[in-house]
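*Asks:* Dumping the structure here so I can ask a few things about it.
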Amino acid sequence: MRLPQLLRRFLRETEASLTVELVIMLPVLLWGYVATSVFFDAYNVQSNAAKATYTIADLLSRQREEVDAQFLGEAHDLFDWLLAGNGVSALRVSSVSYDVEDEAYDVHWSYTSGGRPLQTDVSIADHAGQLPDLPEGDYVIVVETWLNYVPSFSVGLPSQTFENFTVTAPRFMPKLEYDG
């Protein structure tokens with residue numbers, strides 16, 4: 001018989017063994033179920049990391065007093081708590097203004113925890129496209145977070161770091177001061 005005839009006969013065949021079908025399809029169905037849950041978990045963790053970053057930025061924007069290393073360390077603990085321990089994280093908070101004469105952003109202070117370097121005038125220039133245009137004398141708070149994510153199962157999704165960068169203005173003071 002020719003190949004097309006064999007294929008048509010195979011497709012018309014309606015008798016089969018349930019056991020054979022189960023052995024063939026069960027691994028595919030299980031992989032699909034596990035892969036779906038891993039991809040959903042990754043999306044959920046990434047979304048929650050972004051929301052937690054916004055929460056930390058909002059917390060800092062509402063401060064009426066200067067912050068210190070203990071306060072910012074507790075903010076990092078809050079970030080970890082909001083993510084329910086879904087990976088190793090890092091936090092960096094900086095106070096930034098714009099120097100009209102130099103046409104560059106200035107970092108007035110920076111705090112970091114989790115092994116990331118401090119933000120500097122040179123490194124903040126890499127984020128110039130993410131920072132708003134500021135008039136002379138205005139300050140913003142830059143909150144950056146990193147979360148290392150490792151999938152529960154190996155389904156083709158690599159381990160990765162979710163990075164978030166958000167900028168907010170102090171609400172009740174001209175600038176957020178740091179005592180550290």
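*Asks:* Scan region 60-77 for residues that are assigned to a helix (DSSP H, G or I), touching a residue at least 12 places away in the same chain (Cβ under 8 Å) and surrounded by 17 or more Cβ atoms within 10 Å (Cβ to Cβ) and jot them down.
*Replies:* Leu60, Ser61, Leu72, Ala75, His76
*Asks:* Give region 112-124 a look and list any residue that's part of a helix (DSSP H, G or I) and loosely packed, with under 12 Cβ neighbours inside 10 Å, or say none.
*Replies:* Residue satisfying the conditions is Val122 alone.
*Asks:* Something else now. If only one of Gly129, Gly137 is under 21 Å from the mean Cα position of the chain (by Cα) and either assigned to a loop (DSSP other than H, G, I, E, B) or surrounded by fewer than 18 Cβ atoms within 10 Å (Cβ to Cβ) (or both), which one is it?
*Replies:* Answer to the check: Gly129.
*Asks:* Among the residues of region 78-92, write down those that are aromatic (Phe, Trp, Tyr) and free of Cβ contacts under 8 Å to residues at least 12 places away in the same chain.
*Replies:* Trp81
*Asks:* Right, next: Being assigned to a loop (DSSP other than H, G, I, E, B) and either among the hydroxyl-bearing types (Ser, Thr, Tyr) or in contact with a helix residue (DSSP H, G or I) (Cβ under 9 Å, 6 or more places away or on another chain) (or both) is the filter here; which residues of region 78-87 pass it?
*Replies:* Leu83, Ala84, Asn86, Gly87
*Asks:* If you go through region 123-176, how many residues are in contact with an Asp or Glu (Cβ under 7 Å, 6 or more places away or on another chain) and modelled with pLDDT under 95?
*Replies:* Result for region 123-176: 1.
The values are calculated or read from the model by the stated rules, or taken from the named source; none is laboratory data. Note that the structure is a prediction, hence the values are computed from the model and not measured. Backbone-built Cβ (ideal geometry, glycine too); neighbour counts: all protein chains shown.
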